[in-house]
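Have a look at the structure below, then the notes.
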Amino acid sequence: MADVIPPLTEIPFAPYLDESGNISPALEGKIGVYAIFDADKCLRYVGISRDIASSLKLHIVRVPSQCHWLKFTTVTKPSRTVLSEIQAAWFDDLTADTDLWEQPLDCRRLMNDDEKHQLEQAINEAEQEKVLKNVARRVEKDILAQLAERGAAFEVRFNPKRKSEGILDIK
């Protein structure tokens, strides 16, 4: 393990999706720290993972509009302390909505006025679940369209049981 934290500015940008529309297979099962950048190469999030490729897939599904570029460093001997130090150094002054990046997508955050009104008017739990499921389906359709537009070639399946809660969670 290197004693020096690799400066984020010295790591080259890599495209979020490779030319085949996938997360680089070279990152599968790799332990390390990764930084996610938007289309303008502005830093949006810094994460730690035991499988960088899997984490990147979760992020692009949760926040597809902000996942265009990445930088990463991998380690062979995981040390939570060292990984956390790299993450903190890379995060610097960035403030990110960690729930947005790290938790299953709560579609209530993306409800339009009509959907909010429908939820308010629901008179029982079954009607509320129906409204939330419809919101989740709409958001799912939007996400899948954004991923298709970006040329993503991997399959995304959401847990159908969570949709009635208004939650999109990758299965």
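The values are calculated or read from the model by the stated rules, or taken from the named source; none is laboratory data. What you see is a predicted model; the values in this text were computed from it and never measured. With ideal geometry, Cβ positions are generated from the backbone for all residues, glycine too; neighbour counts draw on all protein chains shown.
Yes or no, residue by residue, for (1) of a type in the set (A, V, I, L, M, F, W, C); (2) in the same structural domain as THR95 (by TED's automatic domain parsing); (3) out of contact with any Pro (no Cβ under 9 Å at 6 or more places or on another chain):
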{"position": "ALA14", "(1), (2), (3)": "yes, yes, yes"}
{"position": "ASP18", "(1), (2), (3)": "no, yes, no"}
{"position": "ALA35", "(1), (2), (3)": "yes, yes, yes"}
{"position": "ARG44", "(1), (2), (3)": "no, yes, yes"}
{"position": "PRO64", "(1), (2), (3)": "no, yes, yes"}
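Determine, yes or no, whether LYS163 is of a type in the set (D, E, K, R), surrounded by 19 or more Cβ atoms within 10 Å (Cβ to Cβ) and in contact with an Asp or Glu (Cβ under 9 Å, 6 or more places away or on another chain).
When the stated conditions are applied, LYS163 passes them.
If ALA89 satisfies every condition in (1) touching a residue at least 12 places away in the same chain (Cβ under 8 Å); (2) surrounded by fewer than 15 Cβ atoms within 10 Å (Cβ to Cβ); (3) in the same structural domain as GLU28 (by TED's automatic domain parsing); (4) over 27 Å from GLU10 (Cβ atoms) but one, which is the exception?
(4)
Could you check LYS116 against (1) surrounded by 13 or more Cβ atoms within 10 Å (Cβ to Cβ); (2) within 26 Å of GLU10 (Cβ to Cβ); (3) of a type outside the set (Asp, Glu); (4) without any contact (Cβ under 8 Å) to a residue 24 or more places away in the chain and say which number it fails?
The failed condition is (2).
Taking only the stretch 31-70 into account, find how many residues are assigned to a loop (DSSP other than H, G, I, E, B) and surrounded by fewer than 22 Cβ atoms within 10 Å (Cβ to Cβ).
Going through the stretch 31-70 one residue at a time, the tally reaches 9.
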